[in-house]
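What follows is a set of notes on a single structure, which appears directly below.
Read-outs: derived from the displayed coordinates by stated rules, not from any lab. Since this is a predicted model, take the numbers as computed values, not measurements. Here the Cβ positions follow ideal geometry from the backbone for every residue, glycine too, while neighbour counts run over all protein chains shown.
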Amino acid sequence: MSTVLVVDDSETVRVQLQRAFEEAGYEVLEAENGRLGLEEMRRSKDKIDIVLCDVNMPEMDGLEMVRQVHLEDDLKDIPILMLTTEASKASKEVGKGAGVVAWITKPFKSPKVIGAVERVLKKRKKG
């Protein structure tokens with residue numbers, strides 16, 4: 001069973017994704033901002049297979065979290081997908097430069113998000 005960490009300040013989004021991923025056979029961890037997401041990644045690094053992260057959040061935004069993750073050797077290989085209302089080309093470029101592997105714009109359909117996660121995990125296993 002793969003584990004997904006969902007980092008989003010919206011409880012509604014976290015609940016929606018948790019239900020969808022659990023129905024698809026995933027384990028789900030949650031954090032409500034980038035600082036807590038980074039802490040959860042440090043605590044559960046051997047368990048987390050992939051991260052879904054919002055951009056605009058209090059305390060630490062998603063792009064700063066990605067930058068911090070990629071400074072830590074034992075976290076930098078965990079793939080991070082952004083799931084956000086932020087659709088500007090500039091933000092996407094910053095994300096790509098920081099190590100984001102995919103960008104999904106809200107509003108979203110859960111099957112699309114699950115499909116994106118499965119493609120990234122499959123690609124990662126192939127190596």
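In a Gaussian network model over the chain where Cα atoms closer than 10 Å are linked, find which of 60, 41, 82 has the largest mean-square fluctuation. Among 60, 41, 82, the largest mean-square fluctuation in the Gaussian network model of the chain belongs to 60.
Multiplying the residue separation of residue 47 and residue 105 by 0.36 nm and subtracting their alpha-carbon distance yields 18.3 nm.
Estimated from helices alone, the mean residue ellipticity of the chain at 222 nm is -14000 deg cm²/dmol (sum of -39500 (n - 2.57) over DSSP H runs with n ≥ 4, per residue). Tell me, which longest segment in the chain has none of the GluC sites (Glu not before Pro) that fall in DSSP loops with at most 16 further Cβ atoms within 10 Å? Within the chain, the longest run free of exposed GluC sites (Glu not before Pro) spans 1-58.
Per residue, the average separation of C-alpha pairs within less than 8 Å and at least 6 apart gives segment 3-126 a relative contact order of 24 percent. Backbone geometry of segment 2-12 corresponds, through the Karplus equation with coefficients 6.51, -1.76 and 1.60 at θ = phi - 60°, to 3J(HN,Hα) couplings of 7, 10, 10, 9, 9, 10, 7, 7, 8, 4, 4 Hz, x marking Gly and Pro. Amide H to amide H distances under 5 Å link residue 6 with 29, 30, 31, 52, where only residues 5 or more positions off or on other chains count and H is placed in the peptide plane.
On the principal axes of its alpha-carbon atoms, the chain has extents of 32, 31, 25 Å, going from largest to smallest.
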